[in-house]
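S.K.: Pasting a structure below so you can have a look.
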Amino acid sequence: MSGVSFEGVTKRFDTVTAVDALTLDIVDGEFMVLLGPSGCGKSTALRMIAGLETISDGVLRIGDRVVNNVEAKDRDIAMVFQSYALYPHMTVAQNVEFPLKARKYSVDGGPPRKLTADERAERVDDAVKTLGLAELTKRKPGALSGGQRQRVALARAMVRRPEVFLMDEPLSNLDAKLRAQTRLDIVELHREVATTFVYVTHDQVEAMTMADRMAVIADGRLQQVGEPQTVYERPANLFVARFIGSPPMNTIEGEVAEAGVVAAGASRIPFTGDVAKGRKVVVGLRPEHLHLGEGDIEATVKAVEWLGHERHVIVDIAGSKAIVRQETDEGAAPRIGETVHLGHHVENVHVFDAGSTERLN
Ligand SMILES: Nc1ncnc2c1ncn2[C@@H]1O[C@H](COP(=O)(O)OP(=O)(O)OP(=O)(O)O)[C@@H](O)[C@H]1O
Ligand SMILES: [Mg+2]
């Protein structure tokens, strides 16, 4: 078992800086999610851990060992990809056993050696049971569902008993229901093997539900690292604020009018925290933290979307579009064109600098 540490790690491809001076300590045994939009450099960061990309600058460690110049085959990691990359002509059991035949392993800290047939069988047996594949070991990948194939790929990583598991968007080929199930399977696998996982995704729901901590990345740069709840409750800047949460956080431009109050059009929005009067700010309010009724914020109803258990009421606040989430049993939907008042708790107001976009409160 080992942690992974990035110290000012940069990766340049010609003119593109895919990963820009990344400093991040992934703790031994932790489930770390690298989260960010397409092209932000997540896969590149993961591939550097795997040894599949060279490092342009900085120091990368797995455990205590600097691995900048260690070849992929000499790193004790296992990687699972979006495409399962199973061998179609082999059975499930043969696919899972494959990495055990392909290379030597150190057992109980001894020198690397080939595993015996019994040792291999035991590891395969253990992995297929853990991942609920015991009934399917004689099938070939062509006769499996997408979710089952991905579990075979996970089992194949598990038999290696690596120091670090790396996963690059392993759920993106699955439909919504299977994604939710496989998400749980992976979290359970992590608990079972108690090893460091580094998991890449652009899906904030995966990050929120699976991560011990997540690292939010934009344009190759780390924006914030923290537990999901912390990142949700105290996003460090506007990018993180808008990326985490669904529907996304509403943002309204305004100016601090007096201590603890932002003026935005006709609305005066009280908040907690100490931000100087006159400062140009962007106020962030999550749809789930606004409620229709009494309140300081004046809004005009533009549309109502009905989703069964809840409604999304789309409103205009001082020229900005905003969404209010309303439980269906909270009462009747407002009429289009109606002026409404929105209430909120002051501690749920996020205040960001309009220029730097950094959090101020
Ligand atoms: N081999 C390469 N040569 C040149 N540029 C590359 C190479 N690999 C990646 N890039 C660039 O580096 C940046 C980061 O790519 P990366 O694949 O790490 O993004 P990502 O966050 O994994 O995106 P996605 O969610 O789409 O998989 C992108 O601008 C990409 O075009
Ligand atoms: Mg990628």
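For every residue, the table says whether it meets (1) modelled with pLDDT of 95 or more; (2) among the charged types (D, E, K, R); (3) in a helix (DSSP H, G or I); (4) within 16 Å of ligand 1 (Cβ to nearest atom).
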site: R12; (1), (2), (3), (4): yes, yes, no, yes
site: V59; (1), (2), (3), (4): yes, no, no, no
site: L86; (1), (2), (3), (4): no, no, no, no
site: V96; (1), (2), (3), (4): yes, no, yes, no
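S.K.: Go through region 39-61 and give me each residue that's more than 16 Å from ligand 2 (Cβ to nearest atom) and in contact with a helix residue (DSSP H, G or I) (Cβ under 7 Å, 6 or more places away or on another chain).
M.R.: The answer is G51, I55, L60.
S.K.: Counting residues that are exposed (fewer than 13 other Cβ atoms within 10 Å of the Cβ), which strands (runs of 3 or more DSSP E) fully inside region 272-348 reach at least 1?
M.R.: 280-285, 291-306, 320-327, 339-343
S.K.: Something else: Only one of (1) modelled with pLDDT of 95 or more; (2) over 27 Å from the mean Cα position of the chain (by Cα) is not met by D296, so which one is it?
M.R.: Failing condition for D296: (1).
S.K.: Condition first: more than 28 Å from V205 (Cβ to Cβ) and crowded, with 22+ Cβ neighbours inside 10 Å. Now tell me which residues in region 233-255 satisfy that.
M.R.: G254 - this is the single residue of region 233-255 that is more than 28 Å from V205 (Cβ to Cβ) and crowded, with 22+ Cβ neighbours inside 10 Å.
S.K.: How about region 301-325: which of its residues are farther than 17 Å from G265 by Cβ and acidic (D, E)?
M.R.: E305, E310
S.K.: Report yes if R191 is out of contact with any Ser or Thr (no Cβ under 7 Å at 6 or more places or on another chain) and buried (at least 18 other Cβ atoms within 10 Å of the Cβ), otherwise no.
M.R.: Taking the combined requirement at face value, the residue does not satisfy it.
S.K.: Something else: Residues of region 148-173 being within 16 Å of ligand 1 (Cβ to nearest atom) and out of contact with any Lys or Arg (no Cβ under 7 Å at 6 or more places or on another chain), which ones?
M.R.: Taking region 148-173 and keeping what is within 16 Å of ligand 1 (Cβ to nearest atom), we get 166-173.
Across region 148-173, the qualifying residues are L166, M167, D168, E169, P170, S172, N173.
S.K.: Oh, and also: Kindly check whether there is at least one residue in region 120-131 that is within 17 Å of D185 (Cα to Cα) and assigned to a loop (DSSP other than H, G, I, E, B).
M.R.: Yes: one or more hits.
S.K.: Against the definition (modelled with pLDDT of 90 or more, surrounded by fewer than 16 Cβ atoms within 10 Å (Cβ to Cβ), away from ligand 2 (no atom under 16 Å from the Cβ) and not β-branched (V, I, T)), how does D64 come out, yes or no?
M.R.: Spelling it out, D64 is indeed modelled with pLDDT of 90 or more, surrounded by fewer than 16 Cβ atoms within 10 Å (Cβ to Cβ), away from ligand 2 (no atom under 16 Å from the Cβ) and not β-branched (V, I, T).
S.K.: If we scan region 43-50, do we find a residue that is in a loop (DSSP other than H, G, I, E, B) and over 17 Å from the mean Cα position of the chain (by Cα)?
M.R.: Checked against the condition, which is being in a loop (DSSP other than H, G, I, E, B) and over 17 Å from the mean Cα position of the chain (by Cα), region 43-50 yields no hits at all.
S.K.: Tell me the strands (runs of 3 or more DSSP E) entirely within region 172-270 that contain at least 2 residues that are touching a helix residue (DSSP H, G or I) at 6+ places or on another chain (Cβ under 8 Å).
M.R.: Result: 196-201, 213-218, 221-226, 250-258.
S.K.: Based on this model, can you work out whether F81 counts as touching a residue at least 24 places away in the same chain (Cβ under 8 Å), within 16 Å of ligand 1 (Cβ to nearest atom) and of a type in the set (F, W, Y)?
M.R.: Considered against the rule, which asks whether it is touching a residue at least 24 places away in the same chain (Cβ under 8 Å), within 16 Å of ligand 1 (Cβ to nearest atom) and of a type in the set (F, W, Y), F81 comes out as yes.
S.K.: Of all residues in region 19-54, which are within 13 Å of ligand 1 (Cβ to nearest atom) and small (G, A, S)?
M.R.: G36, S38, G39, G41, S43, A45, A50 - these are the residues of region 19-54 that are within 13 Å of ligand 1 (Cβ to nearest atom) and small (G, A, S).
S.K.: Here's another thing I want to ask about it. Could you please give the count of residues in region 100-109 that are of a type outside the set (S, T, Y) and buried (at least 18 other Cβ atoms within 10 Å of the Cβ)?
M.R.: Initially, region 100-109 is screened for residues of a type outside the set (S, T, Y), giving 100-104, 107-109.
Applying the additional criterion that residues be buried (at least 18 other Cβ atoms within 10 Å of the Cβ) yields 100.
Adding up the residues that qualify gives 1.
S.K.: Just one of L184, L189, L144, L174 is more than 16 Å from ligand 2 (Cβ to nearest atom), in contact with a Gly (Cβ under 9 Å, 6 or more places away or on another chain) and in the same structural domain as E97 (by TED's automatic domain parsing); which is it?
M.R.: After applying the criteria, what remains is L174.
S.K.: Here is a further query. Looking at region 29-38, can you tell me whether even one residue there is within 12 Å of ligand 2 (Cβ to nearest atom) and touching a Gly at 6+ places or on another chain (Cβ under 7 Å)?
M.R.: No, every residue in region 29-38 fails to be within 12 Å of ligand 2 (Cβ to nearest atom) and touching a Gly at 6+ places or on another chain (Cβ under 7 Å).
The values are calculated or read from the model by the stated rules, or taken from the named source; none is laboratory data. Just so it is clear, the model here is predicted, and its values are computed rather than measured. Note: ideal-geometry Cβ built from the backbone for every residue, glycine included; neighbour counts use all protein chains shown.
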